Amino acid sequence: MMDTKPLVGILQCGEKPEGLGPEFGDYDTLFHALLGTEAFRYRTWRALDGQLPDGPDAADAWLLTGSRYGAYEALDWIAPLEDFVREVHAQGVPMLGICFGHQLIAQALGGRVEKYAEGWSIGRVEYRFDTAGTELPAFEALPDHAVPLMAWHQDQVVEVPPGAQVIAASDVCRNAALLYGQTTFTVQPHPEFGPLFVQGLLDTRGKAVPAPLRDRAAATLDQPLAREAVAETMRRFVLQALERPDAPSTTAPCA
């Protein structure tokens, strides 16, 4: 039987540390687990290796993952990925961005990304969402109070692109989630990261982070998160964007 679920094209921009075993999955398959296979099909393009789709219609929606790289770095694959993001946005194909993906999309669409002068944000962080005026039912899945998620970043979006709406902030990140009309939604934190994955990052990449921040992050790993609420928001956002009367049709093949 033909699988008619929408195809989410994952543009993989980074990889998990070598020290994390296969049970954790990689930066693309983490989203299979987060968003689930009941609503979507998935296909990965390894953007960090210069692999990009032929065009925005190669999938029904797009998702840019996190990365250890900076969106502003002079890497061969960054500029072509920015061009692709601009095409997706211009054609109104739904798009999600996480951490690096959040930053790269903002940079591609006219914003600015840089290292935050006051340092890292890692571990469990509470984000304050304000979606008033969006009129998008997808955001009804978010709790009314602060939304706790895992963070792992030093870079931030410091200038918001024209036309983007800031819909979340934390104490150290004022542009923590951005909404671009009804088709693009990006977040700085990592809803795909669970406590064990962040512990793995602390064990393998934590030396880059000051010890007090590492200890503080480790102490938060047993506290509750709102991962499923954010996952449901992302699912609804993509599906509602695809149901718009003016949504573009795609030619995404079945896997």
Phi to ³J(HN,Hα) by Karplus 6.51 cos²θ - 1.76 cosθ + 1.60 over the stretch 169-185, Hz, x for Gly, Pro: 8, 10, 5, 10, 9, 7, 10, 7, 8, 10, 10, 10, x, 10, 10, 10, 9
Considering the dipole of the chain built from charges on the beta carbon (Lys and Arg +1, Asp and Glu -1) around the Cα centre, which of 31, 113, 50 is farthest to its positive end? 113
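Does the stretch 29-83 classify as rounded, prolate or oblate by the C-alpha gyration tensor (a ≥ b ≥ c root eigenvalues; a/c under 1.5 gives rounded; else a/b over b/c gives prolate, otherwise oblate)? Could the numbers behind the result be given before it?
Details: a/c = 2.81, a/b = 1.57, b/c = 1.78.
Cα axes put the stretch 29-83 in the oblate bin.
Among the DSSP beta bridges whose two residues both lie in the stretch 29-171, what percent are antiparallel, rounded to the nearest 5? Mind showing how you got there, number by number?
Working: 13 of 16 bridges.
About 80 percent, rounded to the nearest 5.
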Amide H of residue 44 versus every other amide H placed in the peptide plane: which residues, excluding those fewer than 5 positions away on the same chain, fall under 5 Å? 10
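Quick check on the chain: helices-only [θ] at 222 nm, where DSSP H runs of length 4 and up contribute -39,500 (n - 2.57) each and the sum goes over total residues. Nearest 500, please. Walk me through the numbers before you get to the answer.
Details: 6 runs with 65 residues, N = 255.
Value at 222 nm, helices only, nearest 500: -7500 deg cm²/dmol.
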Long-range amide H contacts for residue 220: which residues qualify at under 5 Å (H placed 1.01 Å from N, peptide plane, sequence gap of 5 or more or a different chain)? 124
Rounded percent of accessible protein surface that carbon and sulfur make up, the chain, 1.4 Å probe: 49
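Give the peptides 237-243, 6-12 in descending order of average Cβ contacts within 10 Å, highest first. Could you put the intermediate results ahead of the total?
On the way: 237-243: 18.6, 6-12: 23.0.
Top to bottom by mean Cβ count within 10 Å: 6-12, 237-243.
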In order through the stretch 15-22: 3J(HN,Hα) via Karplus (6.51 cos²θ - 1.76 cosθ + 1.60), integer Hz, x for Gly, Pro: 9, 5, x, 4, x, 8, x, x
So, by mean Cβ neighbours within 10 angstrom, what's the order for 152-158, 129-135 with the highest one leading? 152-158, 129-135
Listed values [x] 52; [y] 48; [z] 43, entry calculated as percent of Cα pairs over 24 Å apart: [z]
Could you name the aspartates and glutamates in cross-link range of residue 115, using Cα to Cα under 18 Å and dropping any fewer than eight places away on the same chain? 73, 155, 159, 171
For the stretch 1-67 versus the stretch 176-255, the gap between their alpha-carbon centres in whole angstrom: 13
Under-5 Å amide H pairs with residue 155, H placed in peptide plane, nonlocal only: 116
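Just the number please: accessible area per residue for the stretch 65-138, 1.4 Å probe, all protein chains included, in Å².
Numbers: 3220 Å² over 74 residues.
For the stretch 65-138, the per-residue accessible area is 43 Å².
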Could you give the length gained by full extension between residue 223 and residue 154, i.e. 0.36 nm per residue of separation minus their alpha carbon distance, to one decimal place? 22.6 nm
Yeah, the stretch 169-255 with a ≥ b ≥ c from its alpha-carbon gyration tensor (a/c under 1.5 is rounded, else prolate when a/b outruns b/c, oblate otherwise) is prolate
For the pair residue 196 and residue 86, how long in nm is the line joining their label points, each one 7 Å along Cα→Cβ? 4.3
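The values are calculated or read from the model by the stated rules, or taken from the named source; none is laboratory data. All values derive from a computational prediction rather than experimental measurement. Methodologically, a virtual Cβ is constructed for each residue, glycine included, from the backbone with ideal geometry; neighbour enumeration extends over all protein chains shown. Remember, those area values only see protein heavy atoms, side chains included, never the ligands or the DNA or RNA. Shrake-Rupley method; radii C 1.70, N 1.55, O 1.52, S 1.80 Å.
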